[in-house]
Amino acid sequence: MTDTLTPVAELAIDDARKEMEDLAEKLVNHRYLYHTLDEPKISDAEFDRLERRYFELEAAFPQLATEDSPSKRVGAKPSPDFAPVTHAVPMLSLENAFSREELEEWLNRNLKSLGLAPGATVAMSSELKLDGVSLSLRYVDRKLVSAATRGDGTTGEDVTANAQVIAGIPKTIPADAPYILEVRGEVVMPRKTFNDLNASGAAGRTFANPRNAAAGSLRQKDASKTAKRGLVFLPHGIGEIDGDLPGHWSQITDQLKTWGFGRDIGFDETVTWTTNGTVDEIMKAYDTALVHRPDLPFDIDGVVVKFDAIEAREELGAVSRTPRWGIAQKFPAERADTRLEAIEIQIGRTGRITPVGRLQPVTVGGVVVSNVTLHNEDHIAGLDLREGDLVTIQRAGDVIPQIVGLSSANTGHDERPAFSFPASCTACGSGIVRAEGEADAYCEGSLHCPAQVHERLVHIAGRDALDIDGLGDKIIGELISEGLLSEPADIFSLGEHRGTIMAKEGWGPTSVDKLIGAIDAARQTTVDRAFYSLGIRHFGRSATKTIAREWGSVPEILERIRNLQVSRNAVYARELGLGQTSDKASAAALKFLAEAVAIPDIGPVVLRNVLDFFDDTDNAQRAKRFFSQLEIEILQKVEVSQSPVTGKTVVFTGSLETMSRDEAKAQAERLGAKVSGSISKKTDILVAGPGAGSKLKKAQDIGTIEILDEAGWHTLVGQ
Ligand code: IVH
């Protein structure tokens with residue numbers, strides 16, 4: 001992304017605002033995935049890039065900073081699975097330095113605040129930046145009374161029971177310790193423990209890296225599970241204290257060790273380089289850490305540089321989410337060369353085709369890597385990867401290892417054949433389609449592809465489809481492998497297998513009867529839910545509803561689809577006759593159909609997916625058998641009425657109390673308004689519920705937008 005970004009100095013304020021809103025939303029989402037779910041979707045390096053860009057924009061346009069700016073927050077909201085703990089002293093984050101220059105700038109800024117000249121010598125420490133989960137331990141009267149994760153920095157999650165079973169956390173501390181003492185540090189999982197855990201399958205899932213494994217293992221509801229995961233606590237700071245501690249951080253760490261904090265795990269885990277605070281010495285410590293990195297028993301992702309004297313720290317203080325006295329020097333990703341032995345194709349549960357690289361196993365950053373995702377066809381072509389090539393892979397405390405490209409030592413590339421992407425699904429033999437402008441390819445087999453059947457059935461049982469309580473992922477998987485479920489209509493015969501289900505672990509007469517009752521009740525459904533159940537890509541909740549309202553019953557809709565198939569073929573043939581390529585002819589046919597259909601929301605992409613689905617006779621038959629089990633109610637066509645909001649553009653934001661977002665949208669549309677997701681000069685009305693944030697501010701800034709609360713909206717529309 002860095003290559004295509006407009007330099008901040010050249011951005012117009014409106015573009016900056018838009019970019020900041022997008023980035024803020026992404027950052028909140030990725031922080032949640034990382035901190036709350038332990039399932040990050042992007043690499044740490046990519047996250048750092050997004051965050052950095054946001055900070056740059058905010059520095060250049062301070063007037064755009066919002067109350068809830070990502071620059072004012074750390075981590076993510078604590079998970080509701082744990083009791084909340086309010087930190088006596090907030091748990092902050094650290095600013096990053098990615099270069100010598102950035103380090104020097106930070107250093108000189110701080111020296112200046114302390115009244116010292118650039119280059120002055122001052123006691124400083126450089127410590128390994130441990131890649132784990134931060135934890136705050138609170139001791140009152142020398143007893144461990146609470147252990148909390150960082151959460152959003154203000155409120156963390158109560159994991160006291162789990163902390164009791166982690167090495168390096170004493171339950172009581174000696175009498176010479178302060179009356180109140182908060183010790184903060186990192187919970188890490190040693191690399192070996194991590195590799196063993198994944199290999200044994202004992203966790204019931206595979207963790208992407210030791211940090212995720214540490215987070216997942218710490219945040220268990222059952223502490224006896226945490227106890228089995230080999231976690232280690234290593235201290236790196238203090239929170240609230242009532243009592244005396246030495247005046248320098250280096251002395252405090254020695255003291256903490258004597259009280260039982262931390263563990264020796266085969267390397268001097270408290271590696272701290274005390275420096276005189278010059279850039280040269282700090283960089284030397286950083287280089288030494290980098291050299292030792294591959295031999296360490298645990299993951300590190302950088303070095304933390306800290307002012308050693310507590311007095312200096314207090315004088316420097318903190319900005320909103322980071323202390324001024326410390327900075328993280330982040331490491332680049334670790335890399336290694338290995339052989340790409342084969343490229344294989346995997347069919348995902350949704351039919352998405354993912355090529356996977358099988359590698360000669362290689363250790364990168366202490367973790368053995370033998371598979372790597374190759375994402376899609378373009379990714380392989382872009383790197384020109386061929387089976388047998390020597391490739392460079394990298395891992396940076398990252399979500400997933402990745403291939404950076406061909407190794408500079410690769411030979412024989414030109415003699416190897418280029419990789420050709422398969423044309424048919426390796427699981428069911430159906431065609432593979434990749435739509436224009438999309439990166440991913442999909443198997444067309446849908447309801448009859450064995451790789452997809454599980455996901456399709458889970459989808460049908462889901463809340464927005466037939467909403468069958470009790471028919472979850474696990475039981476569906478078991479029934480498929482026993483041959484009792486192979487297509488949607490089979491769900492309605494499960495009543496015949498009462499005994500088989502009851503014999504399963506976790507099932508008994510009551511739960512089976514409940515399930516069978518829920519299946520029976522699910523037969524009563526509506527046209528939109530029936531079509532939504534089929535799981536056709538892009539034919540989502542809103543599109544299925546629109547079609548159901550416009551076209552009526554299931555037979556009527558199927559009839560329309562048949563007519564569209566005929567028209568599509570005719571236009572396609574005509575275009576081919578005019579000398580068009582197959583792709584162009586197909587696109588022209590869909591464009592023609594979309595114009596003929598003339599329903600907003602039902603464009604060429606939806607039509608293509610719906611028609612492709614029903615073009616496949618296996619799918620069409622399965623859909624028909626499924627529909628025949630249902631009692632389907634028709635949706636009423638929406639008559640748009642004249643109202644005070646007819647023709648107006650309305651935005652809803654914040655939380656609504658008397659109606660859901662979907663209901664609000666439907667009501668506004670019934671009244672002839674257009675509902676939009678974002679504020680612009682074209683917006684006429686903003687309905688702002690409690691918690692409204694940047695949209696409300698933007699509407700106020702524009703000044704011409706009518707701003708209503710929910711009650712005001714109801715008064716205006718008279719309903
Ligand atoms: S000092 C204000 N020292 O890195 C927080 N933090 O990116 C100062 N971390 O939240 C913490 N190793 O969880 C410190 N040697 C170390 C560390 C370290 C890892 C974590 C810590 C912090 C995060 C910031």
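General observations
- Cα-based helix-to-principal-axis angle, 13-31 vs the chain, degrees rounded to 10: 80 degrees
- Sequence-ordered 3J(HN,Hα) estimates for segment 463-468 from the Karplus curve with 6.51, -1.76 and 1.60 and θ = phi - 60° stand at 4, 7, 9, 8, 6, 9 Hz, glycine and proline given as x.
- Residue-wise HN-Hα couplings along segment 67-80, as the Karplus relation 6.51 cos²θ - 1.76 cosθ + 1.60 with θ = phi - 60° gives them from phi, are 4, 9, 4, x, 6, 9, 10, 10, x, 9, 4, x, 6, x Hz; Gly and Pro carry x.
- Measuring nothing but how far apart in sequence close Cα pairs (under 8 Å, 6+ apart) lie, relative to its length, the chain scores a relative contact order of 9 percent.
- Full-extension gain in nm, Val140 to Gln255, via 0.36 nm per residue minus C-alpha separation: 39.7 nm
- Directionally averaged projected area (the chain, Cα convex hull): 37.6 nm².
- Cα gyration tensor shape of segment 67-160, rounded if a/c is under 1.5, else prolate or oblate by comparing a/b with b/c: prolate
- Taking Cα atoms only, the orientation of helix 191-200 departs from the longest principal axis of the chain by about 30 degrees.
- Charged-residue dipole, Cβ positions (Lys, Arg, Asp, Glu), segment 46-203 about Cα centre, Debye nearest 20: 380 debye
- The long axis of helix 509-522 is offset from the longest Cα principal axis of the chain by roughly 50 degrees.
- For segment 585-632, the Kirkwood radius over C-alpha pairs fed into Stokes-Einstein at 25 °C and 0.890 mPa s yields D = 203 µm² per second.
- Take 142-151, 114-123, 208-217, 84-93 and order them by the average number of nearby Cβ atoms within 10 Å per residue, most first; the result is 208-217, 142-151, 84-93, 114-123.
- Sequence-distant residues sharing a close amide H with Lys129 (under 5 Å, placed H): Asp301, Gly302, Val303, Val304
- For Lys648, the aspartates and glutamates whose Cα comes closer than 20 Å to its Cα, not counting residues fewer than 8 places off in the same chain, are Asp601, Glu639, Asp662, Glu663, Glu669, Asp684, Asp701, Glu706, Asp709, Glu710.
- All lysines inside 29 Å of Lys171 as judged from Cα atoms, apart from same-chain residues fewer than 8 positions distant: Lys77, Lys129, Lys143, Lys192, Lys221, Lys225, Lys228, Lys257, Lys306
- Placed amide H near Thr526: partners under 5 Å, 5+ positions off or other chain: Glu633
- Structure note, pairs Lys584/Lys698; Lys41/Lys112; Lys624/Lys674; Lys41/Lys504; Lys591/Lys682: Cα-Cα distances above 30 angstrom occur for Lys584/Lys698; Lys41/Lys112; Lys624/Lys674; Lys41/Lys504.
- Taking only alpha carbon atoms, segment 272-427 gives an Rg to Rh ratio of 1.15, where Rh is the Kirkwood radius.
- For segment 443-595, projected area of the alpha-carbon convex hull averaged over all directions, nm²: 10.5 nm²
- Amide H partners (placed H, <5 Å) of Asn371, local residues excluded: Leu359
- Shape summary: segment 1-77 maps onto an equivalent ellipsoid whose semi-axes, from the alpha-carbon gyration tensor, are 22, 15, 9 Å in decreasing order.
- Counting 0.36 nm for each residue step from Glu281 to Thr510 and taking away their Cα separation leaves a gain of 75.4 nm.
- Cα-projected label distance for Glu436 with Thr6, points at 7 Å along beta-carbon direction, nm: 2.8 nm
- Residue-wise HN-Hα couplings along segment 607-620, as the Karplus relation 6.51 cos²θ - 1.76 cosθ + 1.60 with θ = phi - 60° gives them from phi, are 4, 4, 5, 5, 5, 4, 4, 7, 5, 7, 5, 4, 5, 4 Hz; Gly and Pro carry x.
- Cα pair distances exceeding 18 angstrom across segment 383-457, given as percent: 62 percent
- With neighbour counts taken as other beta-carbon atoms within 10 Å, the residues Val650, Val183, Val356 rank, fewest first, as Val356, Val650, Val183.
- For segment 616-719, the square roots of the Cα gyration tensor eigenvalues, ordered a ≥ b ≥ c, give a/c of at least 1.5 with a/b greater than b/c, which places it in the prolate category.
- Per-residue packing, averaged as other Cβ atoms within 10 Å, sorts the ranges 131-139, 564-572 into the order 131-139, 564-572, beginning with the highest.
- For the peptides 410-423, 683-696, the ranking by packing is 683-696, 410-423, with the highest mean count of neighbouring Cβ atoms within 10 Å listed first.
The numbers here are math on the coordinates, done by the rules we state, and not lab data. All of these numbers come straight from a predicted model, not from anything done at the bench. We place every Cβ from the backbone using ideal geometry, glycine too, and count neighbours over all the protein chains shown.
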